[in-house]
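Throughout, read-outs are computed from the coordinates displayed, never taken from laboratory work. Note that the coordinates shown come from a computational prediction; the quantities given were computed from them, not determined experimentally. As a convention, Cβ positions derive from the backbone with ideal geometry for all residues, glycine included, and neighbour counts pool all protein chains shown.
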Amino acid sequence: MYRYDSYDQSIVDARVEEFRDQTQRRLAGQLTEDQFKPLRLMNGLYLQLHAYMLRVAIPYGTLSGRQMRKLGEIAAKYDRGYGHFTTRQNLQYNWIKLADAPDILAELATVEMHAIQTSGNCIRNISSDQYAGVSADEVADPRPWAELLRQWSTFHPEFTYLPRKFKIAVIASEDDRSAMRLHDIGLKLVSRDGRTGAEVYAGGGMGRTPMVAPLIRDFVPEDEIVSYLEACLRVYNRYGRRDNKYKARIKILVHELGVEEYKRQVEEEFAHMRTLGLNPPTEELDRIRAYFAGPAYETGLEDSIDRSDPAFALWVDRQVAAHKQPGYAIVNISLKPRGGIPGDASAEQIALVAELAEQYSLDELRVTHAQNLVLPHVKMADLHAIWQKLDEAGLAEANLDLITDIIACPGLDYCSLANARSIPLAQKLSERFAAADRQKELGELKVKISGCINACGHHHAGHIGVLGVDRKGVENFQLSLGGSGAEDASVGQITGPGFSEDGVVDAIEKVTNLYLEQREEGERFLDTYRRLGMKPFKEAIYG
Amino acid sequence: MVEFLSFREGETGQEPAVTVESFTGQSNSTAVRIEAGEDARELLPHLDRLSLVEVNFPAFGDGRGYSAARILREAGYQGELRAVGDVLVDQIVAMRRCGFDSFRPDKALDDAAVERALHRYDDVYQKTIDGRRPIWAKRHPETVNG
Ligand code: HEM
Ligand code: SF4
């Protein structure tokens with residue numbers, strides 16, 4: 001894992017002091033809320049329905065045990081004893097007092113963490129694959145790139161007042177576990193003639209106009225990625241729309257100019273940028289890479305496990321993924337217990353996972369965009385012990401990628417922009433489909449819920465997506481089918497008129513029943529939908 | 001309170017700045033003002049006769065002027081580059097990094113706040129045209145000169 005050197009640490013420390021100063025000026029009445037707002041937003045502090053919300057960055061989703069433990073301590077000390085893991089590989093605290101915020105940032109800084117650029121119209125936390133470094137099929141570990149870009153984007157002098165927020169993802173496998181093409185810029189590492197570089201996708205995003213990012217360059221060598229991104233961002237900063245915040249994301253610029261024209265402008269800017277010496281030397285990427293070099297795995301380990309306990313076997317089949325190193329496994333920890341709030345974890349659960357990471361996973365863990373956690377380096381021989389501890393803490397749900405592994409945004413329970421409550425709906429669905437064999441029968445089925453059109457819950461990318469809308473003052477839920485955030489990325493289609501909360505649960509049951517009737521050998525829900533199209537599903541729901 | 005802030009040696013431009021349109025259309029002016037959304041590159045053929053470029057920030061959140069400034073400096077402009085309009089104290093450092101060397105904010109700035117902002121961060125991650133050595137250069141002094 002990356003460790004800060006004195007440069008990184010002093011920047012984060014200075015930021016804490018700067019924010020402490022700004023907060024004191026606000027509390028003393030020297031700054032008005034209007035003046036303070038842009039400053040607090042640059043530090044991830046939002047004012048929500050009931051309290052301040054603080055969003056902490058988890059760069060590329062990687063944490064050490066010590067960092068995780070600190071997140072739990074903060075939840076216990078400053079919040080109501082829990083934290084919320086989000087689709088952006090961030091952690092949100094929902095019940096923060098303004099006067100405490102500088103102290104929280106100071107505590108985070110002691111474990112090399114921060115909330116810098118977790119909101120505002122700047123380059124946000126860089127996301128990556130939760131299996132980075134441990135999946136067998138990756139070209140290279142994408143995280144050194146992500147760390148290089150984290151540093152490059154931190155307080156970028158030219159790109160801090162962009163037309164709108166800007167999200168970058170970096171992946172390196174054919175399997176896209178990060179919704180890479182739904183980011184403003186997505187990088188996919190590839191290898192060409194023995195050199196590593198990136199395919200660059202630009203103009204993806206969700207919100208009210210969802211778009212899957214098109215490819216704009218098939219290879220940028222690693223030692224030119226910074227100057228190429230500067231070119232992409234400069235074109236956007238200059239020409240992205242600023243007249244209407246709903247049309248301000250880069251996806252609209254790329255769409256309005258056309259991909260070819262955007263590409264042309266970027267290439268022209270890049271030809272200029274690459275003469276300016278903006279790229280760190282290869283030694284810098286090598287320096288960062290050294291931190292991510294595989295840990296010291298043991299060899300000759302036992303590769304089989306005792307499956308005699310059926311509950312354990314069920315969990316293994318669902319939650320454990322193949323590791324590149326023989327004798328090791330990747331453990332997915334579900335934050336979607338039956339009837340629970342997706343992505344929420346209590347301070348005690350966070351502390352337990354920190355301990356498990358230290359004891360069993362070479363002191364490393366990951367957070368995923370599906371609001372779950374991962375222990376990336378677990379010995380097969382330790383799986384049973386881990387499962388028992390998770391089970392005692394209510395963390396042994398076996399539902400990865402199943403219908404109850406629901407993504408949901410905070411919705412009207414917390415969010416000031418919401419039209420509808422996402423959490424109670426997620427809870428109802430989780431109860432309705434709780435039976436383990438039914439879930440297993442339905443197979444991979446990604447349900448994603450957003451409480452308004454901003455799409456924080458990725459509903460456009462759900463195999464089944466639900467969007468909360470306001471219909472004459474009453475909460476109403478629109479259903480969409482056929483979206484995907486994976487390598488086969490697509491945007492879901494709305495089925496038709498919306499439903500009440502119970503109505504949408506019934507409708508989802510109907511579409512899943514139709515799938516079970518109609519599916520062909522080996523088809524997931526998404527495949528059946530793609531083969532049959534919307535019509536039969538619509539009939540099943542409304543007919 | 002600070003109404004005008006300059007980091008230049010000696011005189012600063014006094015002449016009223018004209019619009020880009022009148023400047024490029026045969027004006028003898030040596031001072032021009034760029035509005036957000038205007039293309040700074042239109043000035044590139046005329047840089048040698050310019051002594052002051054003002055870049056207007058209609059709202060602090062409109063970041064187009066940062067690109068305009070960097071473009072001018074990257075093209076070798078040596079004259080005064082002044083940020084005017086809704087310029088806040090928390091933006092001065094980033095603006096300096098993009099090449100601005102004078103500031104005339106709509107609302108005067110607090111002296112102490114300016115001092116604090118200027119000395120808050122010792123080091124920077126990015127290379128720009130301001131001549132500061134980025135952190136990556138300091139980390140690799142053998143490979144990165146200058
Ligand atoms: C509770 C406070 C929150 C507020 C006020 C908020 C606000 C917004 C807004 C306004 C947008 C639309 C941006 C646009 O289309 O230009 C957005 C998009 C998004 N937010 Fe949130 N959000 C919140 C919480 C969350 C949470 C908890 C998550 C993760 C679960 C999240 C993840 C996202 C994602 C993934 C998008 C879509 C990005 C895209 O359009 O490409 N947000 N958010
Ligand atoms: S989708 Fe809407 S309701 Fe949900 S968190 Fe985002 S802004 Fe709030």
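The mean number of Cβ atoms from other chains found within 10 Å of a Cβ in peptide A:6-14 is 3, as a whole number. Eigen-decomposition of the gyration tensor built on the alpha-carbon atoms of the range B:14-144 gives equivalent ellipsoid semi-axes of 27, 20, 11 angstrom, largest listed first. Our helix-only sum for chain A, with -39,500 (n - 2.57) per DSSP H run of n ≥ 4 divided by its residues, gives a mean residue ellipticity at 222 nm of -11500 deg cm²/dmol. Separation of the alpha carbons by more than 23 angstrom is noted, of A:LYS70/A:LYS97; A:LYS37/A:LYS448; A:LYS70/A:LYS188; A:LYS247/A:LYS535; A:LYS37/B:LYS107, for A:LYS37/A:LYS448; A:LYS70/A:LYS188; A:LYS247/A:LYS535. Using alpha carbons only, the radius of gyration of the range A:443-523 set against its Kirkwood radius gives Rg/Rh = 0.99. Inter-label distance, B:TYR121 to B:THR143: 2.3 nm, where each label sits 7 Å from its Cα along the C-beta direction. Under the convention that each Lys and Arg Cβ holds +1 and each Asp and Glu Cβ holds -1, the size of the dipole of the range A:338-418 around its Cα centre is about 140 debye. For chain B, the longest principal axis of the C-alpha atoms and the axis of helix B:64-74 are separated by about 80°. Centre-to-centre separation between the Cα atoms of the range B:1-80 and those of the range B:100-129: 18 Å.
Projecting each Cα onto the charge dipole of the range A:310-392 (Lys/Arg +1, Asp/Glu -1 at the beta carbon, about the Cα centre), which of A:LEU375, A:ILE350, A:LEU314 comes out farthest on the positive side? Of A:LEU375, A:ILE350, A:LEU314, it is A:LEU314. When every Cα-Cα distance of the range A:1-117 is counted in 10 angstrom steps from zero, the calculated P(r) takes the values 14, 49, 32, 6, 0 percent. Partner lysines whose Cα lies under 18 Å from the Cα of B:LYS127, excluding those fewer than 8 positions away in the same chain, are identified as B:LYS138. Each helix, a run of at least 4 DSSP H residues, gives -39500 (n - 2.57); summed and divided by the residues of chain B, these come to -6000 deg cm²/dmol at 222 nm. Entry note: the range B:82-121 has Rg to Rh equal to 0.92, where both radii use alpha-carbon atoms and Rh is the Kirkwood radius. Along the charge dipole of the range B:1-120, which of B:CYS98, B:VAL32, B:GLY85 sits closest to the positive end, that is, farthest toward it, with unit charges on the beta carbon of Lys, Arg, Asp and Glu (+1, +1, -1, -1)? Of B:CYS98, B:VAL32, B:GLY85, it is B:CYS98.
Projected onto planes of every orientation and averaged, the convex hull of the alpha-carbon atoms in the protein assembly as shown covers 31.7 nm².
Our note on the geometry: Cα centres of the range A:374-448 and the range A:123-187, 25 Å apart. Counted residue by residue at 0.36 nm each, then reduced by the alpha carbon distance between them, the extension gain from A:GLN35 to A:SER416 reaches 135.2 nm.
Projecting label points 7 angstrom from Cα along Cα→Cβ for A:GLU444 and A:HIS384 puts them 3.1 nm apart.
Panel values: the range A:310-392, Kirkwood radius from alpha carbon pairs, Stokes-Einstein at 37 °C and 0.692 mPa s, translational diffusion coefficient 254 µm²/s.
Sort out for me the Cα centre separation of the range A:13-43 from the range A:213-269, rounded to whole Å. If we compute the Cα centre of each part, the gap is 32 Å.
Note on A:HIS255 and A:ASP218: the model spin-label points, each 7 Å out from Cα along the C-beta direction, lie 2.7 nm apart.
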